[in-house]
1. Calculate the spin-label point distance for B:N40 paired with B:Y75, positioning each point 7 Å from the Cα along the beta-carbon direction, and give it in nanometres.
2. Kindly put A:H484, A:H106 in sequence by how many other C-beta atoms sit within 10 Å of each C-beta, fewest to most.
3. At a Förster radius of 22 Å, what calculated FRET efficiency corresponds to the Cβ-Cβ distance of A:S118 and A:D145, to the nearest 0.05?
4. According to a simple spin-label model (label point 7 Å from Cα along Cα-to-Cβ), what is the distance in nm between A:V154 and A:L551?
5. Nearest 10 degrees, 0 to 90: what angle lies between the long axis of helix A:16-46 and the longest principal axis of chain A (Cα atoms)?
6. Using only the Cα atoms of chain A, what semi-axes does the equivalent ellipsoid have when each is the square root of 5 times a gyration tensor eigenvalue? Give whole Å, largest first.
7. Using the Cα centre of chain B as origin and beta-carbon charges of +1 (Lys, Arg) and -1 (Asp, Glu), tell me which of B:I91, B:G328, B:I119 is placed farthest towards the positive end of the dipole.
8. FRET efficiency for A:R229 and B:C57, Cβ-Cβ distance as r, R0 = 56 Å, nearest 0.05?
Amino acid sequence: MKISFKRFFPQRHVSAGTLRNSFDRRSIVVGSIQGGVGVLLAARLGYLSIAQNAKYELQAESNRVNLSLIPPRRGWIMDRNGTPLASNRADFRVDLIPERVQDPAHTIQTLGKLLSLSPIAMQDLEDKLERARRFAPVEVASGLDWDTFAAVSVRLPDLPGVVTQRGFSRFYPLGPSVGHLIGYVGPASAEEYEKDRDPVLITPGYKVGKDALEKFYEKDLRGKPGARRVEVTASGRIVRDLDTREDVPGKTLKLTIDAGIQEYASRRIGPESAAVVVMDCQTGDILAMCSMPSFDPNSFSDGIGRLEWKMLSDDDHVPLRNKVLRGLYPPGSTVKPMVALSFMEAGLDPNESVFCGGGLRVGNRVFHCWNRRGHGSVNMAKGIYQSCDVYFYHFAQRIGMDPIAAMAGRLGLGKDFPLPVSGQSYGTVPNPAWKLKKYGKEWQTFDTVNATIGQGYFLVNPLQQAVQVSRIASGRIIMPRLVHGHEHEVAPSLGIPSDHLAYIHQAMSDVANGPGSARHAALPFPDIKLAGKTGTAQVVGLNIGSGKGGLWKHRDHGHFICFAPFDNPRYACAVVCEHGGGSPSAYPIARDVLTYIFDKQKGMDVLTELEKKWGGTPKERLDARYRTYSAQYGVGAPAVSAEEENRKLQGADTPQDPSQPIVRDAASPAPEPDPADQPPAAAATPSPSPTPTAPAPGNTGGNTP
Amino acid sequence: MISRSIVPDAIARQPWHMLIPLMSLVSLGAAVLYSAAGGNLQPYALSHVMRFLIFLCMAIVISRFSRDFFRMAAYPVYGAIVVLLVLVEAIGAVGGGSQRWLNLGFMTLQPSELMKPAIVLVLARFYETLPHAMTASWRGLVPAGVLIGIPALFVMIQPDLGTALAICFGGAVTMFLAGLPLSWFIGAGATAAVVAPIAFFTLLHDYQRNRVLVFLDPESDPLGTGYHITQSKIAIGSGGFLGKGFGNGSQSHLQYLPESHTDFVFATMAEEWGMLGGLFVLFVFAIVLSWGLRVARRAPDRFSSLLAAGMSATIFFYVAINLMMVMGLAPVVGIPLPFMSHGGTSMLTNMICVGTLMAVNRWNRRPGSIS
């Protein structure tokens, strides 16, 4: 190199010899550089494969091995006898992970062909794909047979983003009968994933509880995901299984529900929009809690399609609302046993009578009895079994509203209960303080009068009515319970003297078994007697409709509360038949449900006959309706935005505070149809009280598009 | 008839101390390709060995040519390849897209590859004929620059940066060894340092620029261009000292490693054979290249020594750039590893270089003879 520097000087002598010399020196330089590069490469090689070996080994391993979560089997939900209400079915499924799909249109087309999806299903799939978060798997199909599953599986390398899986899907054997009770499952939404960063939530095929018990007990039912380690190629093709860790299924949830009663009651409701609650009035166990019409939770688990959505939201019977907990209704005459108890506690002699001539003048207004012809002389028992309004108008003025409201509270009206449900509408038990606070108006006598017949501001839900009748039947503070297995403690006494209760029980028994208002409600057993109370709650004033016919949403609500056996109360039942046209729509349901409880065969015989008329079980009718819709609309149903769907689902659930217009007048009760061919009284005298009563919360929700 | 009497003699006189390590390297290459094909001789390993044997015969034939034949052929060969380069460019322009090869019917020919040994040949010839006194003047520089520049430009616009660099490198080394003033190289180096950034932003294609940027920070683009470098480093690094064992390389077998049988064959090898295999490869190349340089230094005349040194520099360039690339020391340029990567053209070029070295080696042993 020393000589090389001389090259800086110009006009050197260049000859063959100097060039040869220069070549020799420079070839050594070139050789050294080559050697140097060789050493550098060797050092680099050593650095990579020795010093950083651990790091790269890990990276190679994480390339090679793909850990996929196996969604855990969801815990079963069982009834009190161990019959599954929600179980898991092994199935083959296909999911789509949006962020891995390269050509969505092509992928959907191919899948549509492979799985022979209907145009409606394709449309729903496109909707779901559009709406899904990039990482959240979208269910394409489940419950596939092996051939279809295999047909998709072999094409996986050409369909990036498609995941096929053997897994388990939720199955509800009772279908629509348990829709509102159990809820349903569905893929986790973005909000749910944000709240709970459990990676199992975005595992294809994993469903979270979306409503009711499935949602409430989500953490218990979830279980622990299993894991499968597989060797995968760079393009994601699985080469082989390495090892598998089994999932830990979720905990089993045992309910107090009796599957047989639950299903029977749901089916017995038939085409009505109704709620039925059956309780064990000794323990508070809820044996059945039905709200019909309902949805099929089995078909909700892959998301709610456009057509399905249209079908459910078109239905004015509001299948999406759980009427047991969220439906609020004026209780009508079903409050009379409760009011009578408060009278007795206030010191009223039950034998004290009043003359009913079909109405009672209070101040300058006339309050009519439902029986415009009058009941003659009425004591407390007759006031209950004949449901005489004048009796209650008369004595309520003497006793006052406060003792009545207090008794209503003791019996559970206006309360909510510690149940594993996502919300209860607890309604209103009006009293003077409440009215002053809410409307800033003084309590009026007519308010008391309205309240004693369960009209005016009075609003209850069917569960409260069941609790009320359980407490009346047992004389104890019965608390409703849904989850089985807690130690039974004998519920504390209500503190109502037993002779008061016995008097009321007898009067309620006479409703069905004596000279009462619902003689067809008697059970078809000579030795088991049912005690009950009818109720008919007006929805609109008599000037708009009689409450018996005309527009469905103008018809009266029918109520029936009862317990049986009358002499040793065991089962309590409350039925609300929305716009059923009065109590005759309600008590046959209660009667048949109790008949079923005591004699399954007898109950089923009745139901089989009825279902022939109605066109099958609720499931069959729902399916038929779906077929009609798909024939009628096809893919033409409008898309439902996520917000709207959410709003409606929640809206149907949100405890409503129904706009209770201020009541300025007497609510004349609608005539209670009597088995003994009572002529419709609405035709007899036009009501002087045209103000509509508080509309039931449900009767508008179903009609808004 | 003549050849039959020559064969034993020819075999005996081959440089076996270089050829045997080279054959073992090719065998290792074949083993790696066998594994990369998932344990099959087809499609890589068998054709790899076949090509080597065919081209070895070709190299032996080349080594039989006389010095004067080489001298005579230098300019015509160079000219013919430049014409082919132009032809490729023209066909590419007509066909509407970039093209690097000519389809001769029985094989595809990549003229740019042939230019690598040809540039060395033509420069050796040029400096031999250049009067010694002119070596340090512009007349020693400009014609050589033109000889390098024409093919380099054509290859560059193909675009094939790697091959263009290889041609320039081969030419530059030959010029350096020819005795051009050192100050010119230092000046050129300094100029390159200034021009390179400008060229980087103006001359290079987007994908080339991107490759360089990604090379500087592979993790910036783990799924794109950086993916190659990252996966290659994972393959080499995870091999450890002894490797994962023959046929057990997960990176290559599960297709994480791109181009596992061509440009990144070293990574495929290092994953299964470990650092030990890597050192063996380096060792064989050291033998071959140092043999090449020794041949050059022993060469009696200017032409043969420049030719031999240039040829070994060309092989070296392949090896160095490829290994630096797979180990993350250089950007991704499409340069295969001599004697290991699967690919006919690269094998052809390198065996031409080896054949030329063997020819010079033969001339050395019979100084002055013109057989």
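1. Using points 7 Å along Cα→Cβ, the separation is 5.1 nm.
2. So the residues, fewest neighbours to most, are A:H106, A:H484.
3. 0.85
4. According to this spin-label approximation, the distance is 6.2 nm.
5. On a 0 to 90 degree scale, this one is about 30.
6. Equivalent ellipsoid of chain A: 73, 25, 24 Å, largest first.
7. B:I119
8. After rounding to 0.05, the efficiency reads 0.65.
All of the numbers you see were taken from the coordinates with simple rules; none came from a lab. Since the structure is predicted, the reported quantities are computational estimates derived from the model, not experimental observations. FYI the Cβ positions are ideal-geometry reconstructions off the backbone, even for glycines, and counts take in every protein chain you see.
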